[in-house]
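Below: one structure, written as C-alpha cells.
The values are calculated or read from the model by the stated rules, or taken from the named source; none is laboratory data. Given the structure is predicted, the values throughout are model-derived calculations rather than measurements. Cβ atoms come from the backbone with ideal geometry, glycine included; neighbour counts cover every protein chain shown.
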C-alpha cells in the first residue's frame, strides 16, 4: 500500500502535523486479549448489585421484556446500519421507524411523533422550546412535580437564550396535596406583561400522582399557551392519552418499553405533536412514499428542518438520535400487544395497591391522598438511614426523596416507591417486614435516648 | 429572457408594482436551483417589512432558502394556494406561484433593484 | 454481493389480527384499576397491532434483510467512521450487572459501573490531551452544546458579556452552527483557503472581543490536517476567545496529536465513530466532552468522583455550584459507554495508535488509486478520509455524483457521503476506516472505475440506478409535500399494501 501511495512509511502521511504539536503515543494500559477483557468486564459487572428486591422507579422502570426483543435487536443488519441516508438499501430501518412513529402516535394520540430524541428530559426541553417558537413567546411554566432531572435539563437548555422558566407550585394540604396547584397556574398565566408560551405538566407526576390534565389544558389554551404533557408510555395503555386531554405536544421517557435500565442510558426520548406544529418538531421523521415503479417505500422527510440543511437556523442541533432504542420499543409493543401492555400497567397498579397496604401496616403511610397508578411516596422516619439499612438487608426501598429535593421540607422523611408487573408479593412482604423492624428499631433507640445516627450510621459506602 | 416589467433582487426575488401594491415571488432561476419546492413560509398579514429584510423561507426537498423583501411596506395578502400546492412555485414562479403582496411605503426603493437586463447578466455569470 | 434482498412487506398494522398474541405477562385481577377515578382512565384503545410471536419474528427478520449494514459490507461513509463493531462489546453491555442497574441505585451498589465510567474518563482525557471529561452528553451534537454552554458560562463568570459570536469554518458539519444558535450565539462563517485549510487572514479578521469561541474540526471535513493549527489557536487565545475542537475525526490522530496539549480548551468525542459503538440505524451514541483547566469548573453535574479509599461516588446535587447543570437525565448513555470502554481496553495504547495509522493508510491508498478515476481536489496526504469530486464527470457525461452513488449500490457497496462538505462541487467524502481488508478496497476501486466507464458509454445505467435494491429511487418530493408520517388504518390514505 505504501508503494501505491508513494511514501516510505506511515509516518510520512502525518507530515502536516507541526513538529512542536506532535504527540508521541498514548499513556494507556497495554492491549488485552478478548478472554482477558471478558474477565475484566465480568469482574466490573459483578461489583454492581442488581439482585435486590427493587422498588425503585423515579423515571426508570423495571418491566418484563419478552425474550424475542433482544434476539431481534441482535441482528447485525439493524444495529450495525447507519442513518438511512440511502433509502433504497435502508428500508428495514425506515419501515421500523415509521412503525415506531405510528405506535407512539397511537399511544399518545399525537399526529406526529419524531423518530426519537435522547431521553425524556431532553424531549421535554425541546418540547418547551417548540412551544416558544410556535407562539413566539418567551416564558414557559413547568410544574414542580415534573421529574427534577427534566426541570434541570430545561434550565440548562433555556440558558442559551432570553427565555424564562418558572415553576408552578404544588398544593400544600388536603386531598390534592402534592398535585400541581391550578389556582397558582391560573395566576401565573394571567400576567399580561409576561405571556406564557407553554405549560409543562407530567401525568403521572414524579411523585406518582395523577394530575388534573384536562384543567391544565383549558387554562393554558385560554391564555394562548400550548400544553406540553409529559407522559409515561406503559401507563398510556390504561390512562387517558395526551390527545384526549388536549395536549399540543407530548413528551416522555420510552425506557419502560423494552429498554434495559443500564444505569440511565441509552434511553428513548418521546416527542410528538399535533399536525399544525409538524414543522417545529426537531429530529428525524420518516414518511411513506412510492418509488419510481410505484412500489411502497419509506424515506426520511421534511429534512429541511434539520441541522445539515438549516445549519444555524435549525430548530435543534440533533443529528444522532436513539434509533435502536426506538426499534426496541417497537418490537416490545409488537411482542406484548395492546392486551399485554394493559395487563402490565394494570398488574403494576394491583401490586402497588398491595405495596401501599403492606407499607402502611408496617408504619409507613402514603404522604399524599391523591390517586396514583403504580408509584407513590410514603412517610418513613429517618428515611435516609432506614433506606441504607434496608439496602444491607437486600431491599432497594425506592428513592430517598430528600436526595433529589434537599430543600423541600415536605419531602424530608419520605421514600418514593413503585411496583410493576415484575414485583412479587414475596418481595413486598420482605420489604414490609424489614421496614417494620427497622422503624421499630429506630423507635426503640429514640425512646432509650440514643439518636440512631450515633451508631455506625456512616454514609461513606459501607460494604454490603 | 426575464420579463421587462419586473424588478429583481440579487437574491432572485422579483417584484411587480401595480399602483401602490407590490407582488413578490422568486424567479425561475431560483426555483430551478432549489429543486422541487415543498413548503413556503410567509409572513403574517399586517406585518411591516423592510427592503432586503428576511420575510420568509422557501424549502425544497434538500435545501432551504431565505426569502428577502425586494421592497418595504405592509403585508396585505399572501398566496393561500401555496400551502396545498407548493409546486406552483416551480411550475409558474412569475404567475400562479406568486408569494405575497405588500402595500409599498416608498416607491423610490425600486431604484435599488436590478432591471431585467441586469438580472440576466447576474444569472449568466452564476 | 448485491444489496438486493426481499421485497418490502406489510406494516405491523396490516398484519394485525384481532385476538393474536398475548401471554407475555401475568393477567391482573379484575379490580386492579378500581381505585382510579374514571376521568383519568382511557375510554378506548390504544389501537396497537396484535401479532403472535412467529409473526413478530418474521416481520422483523424480513425487514432486517432489506438493510445494508457494516455487518453486510463495506461502508465508506465519510465523517461517520463506519468501522466494524466488535461483538465482545455487545456481550459486555448485556451483562446483567451492567444492564439491570437502576440509574438511581445508591453508589455503594453501583461500584462496577462507576469505576468503568471513571476509568473511561481517564482514558479519553489521555487520548484528547484534556484535563477532565464528562460522559453525560447523549450524542456528539449534545456534546457540542455542552461544550459551548461551558464556554458561555466561562465568559459570564469573568463578567465578559460582549462575546456573542462563534466562528465556524464554512466546511463545518451543520451541527456546529446549529449548536452555536442553540447556545444563543451568532455564527460567523470563515471561508476555506484554496489548500483546504482555514483562511488565516479571514480568521484573524473575524476574531475580536466579540468572539466567544471558534469551532474547528481537525482533521477537517475535507480529511485534511490543519497544518496552521498552532497559529490559529494562538490567535484565538490572544483575542480572549476559547477553542472548541469537533472531535468527529479523531480516528485519524490517536497518539499523534492531542488537541488539549496543542491548545484546544474543549472537545467532544463521538464514541459511535472512533470507539466502535454501533450506529444502530441512527443511534444511540454518546458524545463525551473533554476540557482543559479553564472550563473544568463548569462541567455538567454530577461528575463521577474517586474517593481516597478507592471507591467511587457521584457528586451530590449542589456540590459544585459552578457547574452548567444537567444536559439530560441521569449520568449518561452508560450502556453505550460500556462498549467504548471495552474497545479501548482491548486495543490499549499500541492498538489505538495502530487504528489511526491504519485508517490514514487505507484512506491514502484509496485516494491514490482513485486519482485517475475521479477529481481529487487536494493532492497532499489526507488523513482518515478524503474528498473526491464528480464535477468533471458531470461536465463530460451529465452523470452527477448522485448517479454514481446510486450505481455503487448495484455493485454491492454503500455509497460514500455525498454533497458534503458543501465547499466542494459534486463531493464524495470517502472514509474506508482501518477494519477493511485490502481486497475490499481494491474491489471498491474497480467498481468505481467501471461506473465511470459506464457514465461515458451508457449513462442511462447510472440515471436508472439502483435497479438491484428492494426499492428504486424514491419520490421524496411527494413525501415532503404530503407527509404521511403515521399509519392511519381508518382513513386508508396509504400506498398499496405489498404482499
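Do we find a residue being touching a helix residue (DSSP H, G or I) at 6+ places or on another chain (Cβ under 8 Å), within 12 Å of another protein chain (Cβ to nearest Cβ), touching a residue at least 40 places away in the same chain (Cβ under 8 Å) and farther than 19 Å from residue A:361 by Cα anywhere in region A:422-439?
Within region A:422-439, not a single residue is touching a helix residue (DSSP H, G or I) at 6+ places or on another chain (Cβ under 8 Å), within 12 Å of another protein chain (Cβ to nearest Cβ), touching a residue at least 40 places away in the same chain (Cβ under 8 Å) and farther than 19 Å from residue A:361 by Cα.
Each row is one residue, and each column tells you yes or no for (1) under 35 Å from the mean Cα position of the chain (by Cα); (2) facing chain C (nearest Cβ under 7 Å); (3) loosely packed, with under 12 Cβ neighbours inside 10 Å.
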position	(1), (2), (3)
A:13	no, yes, no
A:16	no, yes, no
A:21	no, yes, no
A:34	yes, yes, no
A:38	yes, yes, no
A:44	yes, yes, no
A:55	yes, no, no
A:58	yes, yes, no
A:66	yes, yes, no
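Suppose the filter is in contact with a strand residue (DSSP E or B) (Cβ under 6 Å, 6 or more places away or on another chain) and facing chain A (nearest Cβ under 7 Å); does residue C:101 pass it?
yes
Within the set of pairs 6 or more residues apart or between chains, which connect a residue that is farther than 27 Å from residue A:398 by Cα inside region A:37-54 to a residue that is at pLDDT 95 or above with Cβ atoms less than 6 Å apart?
A:37/C:345; A:37/C:346; A:41/C:92
On the basis of being part of a loop (DSSP other than H, G, I, E, B) and either more than 7 Å from chain A (Cβ to nearest Cβ) or buried (at least 20 other Cβ atoms within 10 Å of the Cβ) (or both), does residue C:357 make the cut?
No, not satisfied.
Checking residue A:71 against (1) without any contact (Cβ under 8 Å) to a residue 12 or more places away in the chain; (2) within 30 Å of residue C:22 (Cα to Cα); (3) facing chain C (nearest Cβ under 7 Å), only one condition comes out false. Which one?
(3)
Give just the number: which of (1) buried (at least 19 other Cβ atoms within 10 Å of the Cβ); (2) more than 7 Å from chain C (Cβ to nearest Cβ); (3) part of a helix (DSSP H, G or I); (4) in contact with a strand residue (DSSP E or B) (Cβ under 7 Å, 6 or more places away or on another chain) does residue A:184 not satisfy?
(1)
Kindly state which strands (runs of 3 or more DSSP E) lie completely within region C:258-347 and contain at least 2 residues that are at pLDDT below 95 and facing chain A (nearest Cβ under 7 Å).
Values: elements: C:266-269, C:289-291, C:304-306, C:312-314.
Counting at least 2 such residues, we get no strands (runs of 3 or more DSSP E) at all.
Working only within region A:299-315, note down all residues that are facing another protein chain (nearest Cβ under 7 Å) and not in a helix (DSSP H, G or I).
A:299, A:301, A:302, A:314
Suppose we filter region A:269-298 for residues that are facing chain C (nearest Cβ under 9 Å), outside any helix (DSSP H, G or I) and within 15 Å of residue A:113 (Cα to Cα); how many remain?
Selection size over region A:269-298: 6.
So which of A:103, A:141 ends up being at the interface with chain C (Cβ under 7 Å from one of its Cβ atoms), in contact with a helix residue (DSSP H, G or I) (Cβ under 6 Å, 6 or more places away or on another chain) and crowded, with 24+ Cβ neighbours inside 10 Å?
A:103
What is the residue count in region C:380-401 for residues that are surrounded by fewer than 19 Cβ atoms within 10 Å (Cβ to Cβ) and either within 11 Å of chain A (Cβ to nearest Cβ) or within 21 Å of residue C:469 (Cβ to Cβ) (or both)?
So the count comes out to 1.
Just to check your reading of the model, which residue among A:367, A:391, A:373, A:327 is modelled with pLDDT of 95 or more and assigned by TED's automatic domain parsing to the domain that holds residue A:259?
Answer to the selection: A:327.
Output the residues belonging to region A:207-235 that are part of a helix (DSSP H, G or I) and either in contact (Cβ under 8 Å) with a residue 60 or more places away in the chain or in contact with a helix residue (DSSP H, G or I) (Cβ under 6 Å, 6 or more places away or on another chain) (or both).
A:215, A:219, A:235
Considering only region C:442-458, how many residues are in contact with a helix residue (DSSP H, G or I) (Cβ under 6 Å, 6 or more places away or on another chain) and buried (at least 17 other Cβ atoms within 10 Å of the Cβ)? Steps first, please.
Step one: list which residues in region C:442-458 are in contact with a helix residue (DSSP H, G or I) (Cβ under 6 Å, 6 or more places away or on another chain), which gives C:445, C:451, C:454-456.
Then drop every residue that is not buried (at least 17 other Cβ atoms within 10 Å of the Cβ), which leaves C:451, C:454-455.
Within region C:442-458, residues that are in contact with a helix residue (DSSP H, G or I) (Cβ under 6 Å, 6 or more places away or on another chain) and buried (at least 17 other Cβ atoms within 10 Å of the Cβ) number 3.
Return the residue satisfying two criteria in turn: it lies in region A:190-206 and is touching a strand residue (DSSP E or B) at 6+ places or on another chain (Cβ under 6 Å) and assigned to a loop (DSSP other than H, G, I, E, B), and of such residues it is nearest to residue A:128 (Cα to Cα).
A:197
Are there any helices (runs of 4 or more DSSP H) wholly within region C:92-200 with 1 or more residues that are under 19 Å from residue C:301 (Cβ atoms) and either touching a residue at least 24 places away in the same chain (Cβ under 8 Å) or more than 24 Å from the chain's Cα centre (by Cα) (or both), and if so which?
Per the criteria, C:111-128, C:140-157.
Among the residues of region C:309-316, are any under 30 Å from the mean Cα position of the chain (by Cα), within 22 Å of residue C:111 (Cβ to Cβ) and without any contact (Cβ under 8 Å) to a residue 60 or more places away in the chain?
Yes, region C:309-316 has at least one match.
Can you find a residue in region A:112-127 that is facing chain C (nearest Cβ under 7 Å), surrounded by fewer than 23 Cβ atoms within 10 Å (Cβ to Cβ) and assigned to a helix (DSSP H, G or I)?
The answer is no; no qualifying residue exists.
When region C:405-446 is examined, which residues are found to be under 27 Å from residue C:173 (Cβ atoms), without any contact (Cβ under 8 Å) to a residue 40 or more places away in the chain and part of a helix (DSSP H, G or I)?
The one that is under 27 Å from residue C:173 (Cβ atoms), without any contact (Cβ under 8 Å) to a residue 40 or more places away in the chain and part of a helix (DSSP H, G or I): C:405.
For region A:397-408, give me the residue count where each residue is at the interface with chain C (Cβ under 8 Å from one of its Cβ atoms) and within 20 Å of the chain's Cα centre (by Cα).
3
Residues being touching a residue at least 60 places away in the same chain (Cβ under 8 Å), touching a strand residue (DSSP E or B) at 6+ places or on another chain (Cβ under 9 Å) and assigned to a loop (DSSP other than H, G, I, E, B): count how many of those fall in region C:32-82.
The total comes to 6.
For region C:129-153, which positions are more than 25 Å from residue C:92 (Cα to Cα), touching a helix residue (DSSP H, G or I) at 6+ places or on another chain (Cβ under 6 Å) and buried (at least 24 other Cβ atoms within 10 Å of the Cβ)?
Selection gives C:130, C:141, C:144, C:145, C:148, C:150.
Within region C:62-82, which residues are touching a helix residue (DSSP H, G or I) at 6+ places or on another chain (Cβ under 8 Å), more than 7 Å from chain A (Cβ to nearest Cβ) and crowded, with 24+ Cβ neighbours inside 10 Å?
The answer is C:76, C:81.
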